[in-house]
1. Would you please report the Å³ per residue occupied by the convex hull of the alpha carbon atoms in the range 38-122?
2. May I ask for log10 I(q)/I(0) of the chain at q = 0.09, 0.12 Å⁻¹, from a Debye sum over the Cα atoms as equal point scatterers with solvent left out?
3. For the range 206-274, report the % of Cα-Cα distances exceeding 19 Å.
4. Which listed residue (Asn131, Ala64, Ala285) has the Cα farthest towards the positive end of the charge dipole for the chain, taking +1 on Lys and Arg C-beta and -1 on Asp and Glu C-beta about the Cα centre?
5. If each residue of separation counts as 0.36 nm, what is the full-extension length gain between Ser35 and Leu133 once their alpha-carbon separation is subtracted?
6. Multiply the residue gap between Lys59 and His142 by 0.36 nm, knock off their C-alpha separation, and tell me the result in nm, one decimal place.
7. Applying a 10 Å radius around every beta-carbon, put 55-66, 185-196, 204-215, 271-282 in order of their mean neighbour count, most first.
8. Would you calculate the separation in nanometres between label points at Val95 and Arg67, each defined as 7 Å from the Cα along the Cα-to-beta-carbon direction?
Amino acid sequence: MEQLPEVTDPRIIDGRKIAQEIEARVKKDVEGFVSEMGVKPVLATILVGEHPPSKLYVKLKHWACKRVGIISEDHKFPSEVAQDEIIKLIDTLNVRPEIHGILVQLPLPKHIDERVVMMHIAPEKDVDGFNPLNMGKMLIGHEGLVPCTPKGIVLALSLFNIDPQGKEVVVVGHSNVVGKPAAIMLLNRNATVRICHVFTKDLKSHTRDADILIVAAGVRGLIKCDMVKEGAVVFDVGITWFDEKVYGDVDFEDVLPKVKLISPVPGGVGPMTIAILMEHTVTAAKKQLKLL
Ligand code: NAD
């Protein structure tokens, strides 16, 4: 893993530090859970194929489990697996009482319908928040197990005392994983929200109005200085791998002089997302064992 320098610039959101704080809280929670129930929370992960970044993300999630005291169960399929096989495994995990959380690493190969797979995860074990019941609850403002990345963003905003109410929020990207849930969660907090995507005409005309700009397109360096409002808060969610290094969607050096706050890549939204996943797994375990 790439060693990052310590963050000393107050404009840079130190996602690793925030993640460490979440994990410290989760670890304590796990200890309480174990002493009360005599069992550890268990997260089952499902990885399909050999996509190197996906393999790395699953490994990082397993490492995080180890740090906080969650047991992780590793399930793998080859990329040509039939959708039914994945669903069969999910059905088994759904009814195993010792499994508290189920995570299917995305993206899945093209022949598999991710939405169908997500529909099969029992809502109470859906620690990634992608099951339509959890998504629907979020849509009506009842946030429980919600997607981890936008939850991390909302948490970071509150840690920096930024109230989204009345703010202009622009989200670049309209996927079910990041863009749409980020927009809904900010709307739930009374922001004025615009969602842009690959078919948006004149992206800049939208992004430069944003008090809070969330970029999740997966296009390296998409956002330049002239596309950002002076004093904006910018969350860079995008990850592009190039030459074994990761790059965000925001041209960091170009944009930094203009922003109030910015999350870097790496070391921003990514670690927070994993820490929130840990938090969700403990919450799911507590709920299933009637501790909440
Ligand atoms: P996706 O491919 O499902 O969606 C990409 C979105 O970006 C789409 O809505 C598309 O219309 C939009 N888009 C693409 N090119 C664009 C352009 N030129 N201008 C405007 N919009 C454009 O991806 P996703 O799953 O939402 O993930 C987005 C990025 O975030 C990826 O790089 C992914 O790796 C990363 N990601 C990071 C984390 C994390 O924890 N840091 C979590 C999830 C996803």
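1. For the range 38-122, the hull spanned by Cα atoms encloses 78 Å³ per residue.
2. Log10 of I(q)/I(0), two decimals: -0.43, -0.77.
3. So the pairs more than 19 Å apart make up 23 percent of the total in the range 206-274.
4. Working it through, the farthest residue towards the positive pole turns out to be Ala285.
5. Stretched fully, the Ser35-Leu133 segment lengthens by 32.1 nm.
6. On the way: separation 83, 0.36 × 83 = 29.88 nm, distance 3.11 nm.
Answer, rounded to one decimal: 26.8 nm.
7. The most tightly packed comes first, giving 271-282, 204-215, 185-196, 55-66.
8. Inter-label distance under the simple model: 3.7 nm.
None of the figures in this text is laboratory data; all of them are computed from the coordinates on show. Computed from a predicted structure; not experimentally measured. With ideal geometry, Cβ positions are generated from the backbone for all residues, glycine too; neighbour counts draw on all protein chains shown.
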